[in-house]
1. Could you say which residue among V18, V86 is open to solvent by 40 Å² or more (accessible area, probe 1.4 Å), modelled with pLDDT of 90 or more, closer than 12 Å to A120 by Cα and in contact with a strand residue (DSSP E or B) (Cβ under 9 Å, 6 or more places away or on another chain)?
2. If only one of T59, T99, T74 is under 14 Å from the mean Cα position of the chain (by Cα) and of a type in the set (S, T, N, Q), which one is it?
3. For the range 71-83, does any single residue satisfy the condition of being touching a residue at least 40 places away in the same chain (Cβ under 8 Å) and farther than 20 Å from G128 by Cβ?
4. Of all residues in the range 70-107, how many are within 17 Å of P19 (Cβ to Cβ) and part of a strand (DSSP E or B)?
5. Can you run down the residue pairs with Cβ atoms below 6 Å, 6 or more apart or on separate chains, where the first is in the range 46-67 and without any contact (Cβ under 8 Å) to a residue 12 or more places away in the chain and the partner is in a loop (DSSP other than H, G, I, E, B) and of a type in the set (A, V, I, L, M)?
6. Check the range 41-51 and report whether any residue there is in a strand (DSSP E or B), modelled with pLDDT under 90 and open to solvent by less than 50 Å² (accessible area, probe 1.4 Å).
7. Cβ contacts < 9 Å: first residue within 16 Å of F80 (Cα to Cα), restricted to the range 108-130; second residue among the basic types (K, R), any location; separation 6+ or different chain. Result?
8. Restricting to the range 112-130, what's the tally of residues that are part of a loop (DSSP other than H, G, I, E, B) and either β-branched (V, I, T) or touching a Cys at 6+ places or on another chain (Cβ under 8 Å) (or both)?
Amino acid sequence: MTRIGTGLSSKTRTYSVVPTDTNFHQLESPIPQGSQVVNSATGVPIGTPVNLATGPVRTLDSSYVQGITIYNDTTTVGEFLFVAGVEYDGQTAAAAGPTAFKVMPGESIAIDCRDGSGIAIAFSSTVGRSARVIGN
């Protein structure tokens, strides 16, 4: 992966995302209102999967210098994770999925970005699906 920063303010952040619907949801946001803090006593506890329908993950005070990797933990054939730009936020996977990046079961996508605020993801179904997000 290409380095896109100096690393002076970088932190590694890892969390899981689970769907409650098949709509696209913004992955991260720097705006405190409506976003969820991961790895905080007042936010989502470590190891608890984040429901993006509740709100995006708060980006806090760091940025990624090596981007973000999103893993589709699903191993069921035909169950996809869709990754697109934030303009897809609120769209259904059925309507917008054909023009988004499709991450196959058990595979991942790496994106060079400062944070995940410009990314929206959706799942093709809600039963037993999850994705892992690793930013560095």
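1. V86
2. Of the residues listed, the single one that is under 14 Å from the mean Cα position of the chain (by Cα) and of a type in the set (S, T, N, Q) is T59.
3. no
4. Of the residues in that region, 11 qualify.
5. none
6. There is at least one residue in the range 41-51 that is in a strand (DSSP E or B), modelled with pLDDT under 90 and open to solvent by less than 50 Å² (accessible area, probe 1.4 Å).
7. S108/R132; F123/R129; S124/K102
8. The qualifying residues number 2.
The values are calculated or read from the model by the stated rules, or taken from the named source; none is laboratory data. These numbers were taken from a predicted model, which means no experiment stands behind them. A quick note on method: Cβ atoms are made from the backbone with ideal geometry, for glycine too, and the neighbour counts reach across all protein chains shown. In case anyone asks, the SASA skips ligands and DNA or RNA and just uses the protein heavy atoms, side chains included. Shrake-Rupley method; radii C 1.70, N 1.55, O 1.52, S 1.80 Å.
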